[in-house]
Amino acid sequence: PKLPITNISVAQVNAYAAWLSKNTGKNYRLPKKSEWLHAARGKAIKVDANRNCLLDTRGIKIGGSLVKAQVGDPNSWGLVNLVGNASEYTAVRAGKVVAVGGSFNTPMEECSLKSSRQSDGSASGEIGFRLVRELVTE
């Protein structure tokens, strides 16, 4: 229960977001890629140096499997584990998603805020999600 939720399809994520929206009266959805990037950068673009990406050098081995979702340094807005560990689905256009942020199997030198890969939305042990709650201004 402390690991990020992975092995879930975009259809399942969308169904969960719809259920959550209905039961809370708030609107939840996958973030757009630009929204995810904005949240991931925070006020200062600084990526956790201890991110869970693939590294095997000079006797140091990290990556290769998931770690607890709350491991790592938070960004300036308090968000943790945005790069590495589990990539995250983001919406790019109607029905299309991209997995961003790299995963535990992404080589460290490629594991950054700019990491992204195409996804058909099917379940993957390397991809999880975060939801956006839309705020209504009056």
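The values are calculated or read from the model by the stated rules, or taken from the named source; none is laboratory data. In this text, all values refer to a predicted model and were calculated from it rather than measured experimentally. Here the Cβ is made from the backbone with ideal geometry for all residues, glycine too, and neighbour counts use every protein chain on show. SASA here: full protein model, heavy atoms, side chains in, ligands and nucleic acids out. Shrake-Rupley method; radii C 1.70, N 1.55, O 1.52, S 1.80 Å.
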If you average the sequence gap of Cα pairs under 8 Å that are 6 or more apart and divide by the length of the chain, what percent do you get for the contact order?
32
In debye to the nearest 20, the charge dipole size for the chain, taken about the Cα centre with +1 at each Lys and Arg Cβ and -1 at each Asp and Glu Cβ, equals 220
Where the centroid of each part is defined by its Cα atoms, how far is the range 68-138 from the range 1-63 in Å?
4
On full extension of the chain, what length is gained from I45 through E110, given 0.36 nm per residue of separation minus the C-alpha to C-alpha distance?
21.8 nm
Angle check, please: helix 10-24 long axis (alpha carbons) against the longest principal axis of the chain (alpha carbons), in degrees 0 to 90, nearest 10.
50
Nitroxide proxy distance, nm - points 7 Å out along Cα→Cβ at D73 and S34:
3.0
Descending semi-axes in Å of the range 61-138, equivalent ellipsoid built from Cα gyration tensor
22, 18, 11
Antiparallel content of DSSP bridges confined to the range 33-99, in %, to 5
90
Could you check which residue among A91, A69, A15 shows the biggest mean-square fluctuation in a GNM of the chain with a 10 Å Cα cutoff?
A15
Can you compute 3J(HN,Hα) from phi for each residue in the range 46-53, using the Karplus curve 6.51 cos²θ - 1.76 cosθ + 1.60 with θ = phi - 60°, rounded to whole Hz and x for Gly and Pro?
9, 8, 4, 5, 9, 4, 8, 10
Please name whichever of Y28, F104, I45 sits farthest to the positive end of the charge dipole of the range 1-107, dipole taken about the Cα centre and charges placed at Cβ: Lys and Arg +1, Asp and Glu -1.
Y28
Which whole-Hz couplings ³J(HN,Hα) result when phi for each residue of the range 113-123 is put into the Karplus expression 6.51 cos²θ - 1.76 cosθ + 1.60, θ = phi - 60°, listed in order with x for Gly and Pro?
4, 7, 4, 7, 8, 5, 9, 8, x, 7, 4
Reachable lysines from K22, Cα under 28 Å, same-chain residues fewer than 8 places away excluded?
K2, K32, K33, K96
Please grab the % of Cα pairs in the chain that end up more than 26 Å from each other.
21
Mind checking the per residue accessible area of the chain for me, 1.4 Å probe, whole number of Å²?
63
Quick one: of the DSSP bridges fully inside the chain, what percent are antiparallel, nearest 5?
75
What is the set of long-range amide H partners of V97 at a cut-off below 5 Å, with H atoms built 1.01 Å from backbone N?
V92, S119
Per DSSP, the loop-located trypsin sites (Lys or Arg not before Pro) within the range 48-138 having at most 13 other beta carbons within 10 Å are R58, K114
Hey, can you grab everything whose amide H is under 5 Å from the amide H of K32? Only 5+ residues off in sequence or another chain; H modelled, so Pro and N-termini drop out.
A91
